[in-house]
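No lab work stands behind these numbers, since they all come straight from the coordinates. This one's a predicted model, so the numbers in the text were calculated from it and none came from an experiment. Virtual Cβ from ideal backbone geometry, glycine too; neighbours counted across all protein chains shown.
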Amino acid sequence: MTTWILLRAAGIGSYLMLFLSVAWGLIATTSLVTKRISKQAANTFHALTASTGLALLGLHVGLLLIDGFMPFSLVAVTVPMAAEYRPVAITAGVVAMYAVVIVIVSSWVRKRIGTAWWRRLHLLAVPTFALTLLHGVFAGTDSERPWMFTIYALTGLSVVFLTLVRALTSGYRPPRPVAPVRNRAEEPAARA
């Protein structure tokens, strides 16, 4: 029973961390907060919530493999449509799992793959959240509880709202400051 409780908690925790990461990513890239919060603080929070969500996702999947109440095989948690229990909902979770890994790992190797590829892969974040939401609603055993349904409704509507705000304000973002160009003639004078 302890494993069952922990794997549900890890799943819900992973979902909430993914929500925070996606929501913050949408908020931090609009002109609403760019002047109020430093870029470094925004990026640190975003990366921390995403990485915590990934760790909790790993715990969720790992505990599913060892739980005796509702056993899942390695194939069921890694291959789409292989699970016997609610195969479409589990497939949404499996695909979301792979997408989360792609988005987060691409952020870790951003310098190697380049900003253009990182941005393309990062666009998967919102659809990944949607798949995670569908997985939780239709495969989660707590979905029928009013508190969990409320969490799903509030987080889902929040991401829809923030995605619309981000889309509508994308052309209005302030330009990033350009580093000042130093005059080479002034440099020796500054050293003396």
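Once the convex hull of the C-alpha atoms of the range 1-89 is built, how many Å³ does it hold per residue, rounded to a whole number?
Details: hull volume 9.3 nm³, N = 89.
Taking only Cα atoms, the range 1-89 has a hull volume of 105 Å³ per residue.
Screening the chain for DSSP H helices whose Cα atoms reach 24 Å or more along their own axis and whose mean Kyte hydropathy is at least -1.0 gives 2-28, 39-66, 87-108, 146-169. Working from Cα pairs under 8 Å separated by at least six residues, relative contact order for the chain is 24 percent. Peptides 77-85, 20-28 ordered by packing proxy, namely the average of other Cβ atoms within 10 Å per residue, highest first: 20-28, 77-85.
Each Lys and Arg Cβ is given +1 and each Asp and Glu Cβ -1; about its Cα centre, the chain then shows a dipole of about 1120 debye. The stretch between MET70 and ARG110 holds 10.6 nm of extra length on full extension. This uses 0.36 nm per residue minus the Cα-Cα distance.
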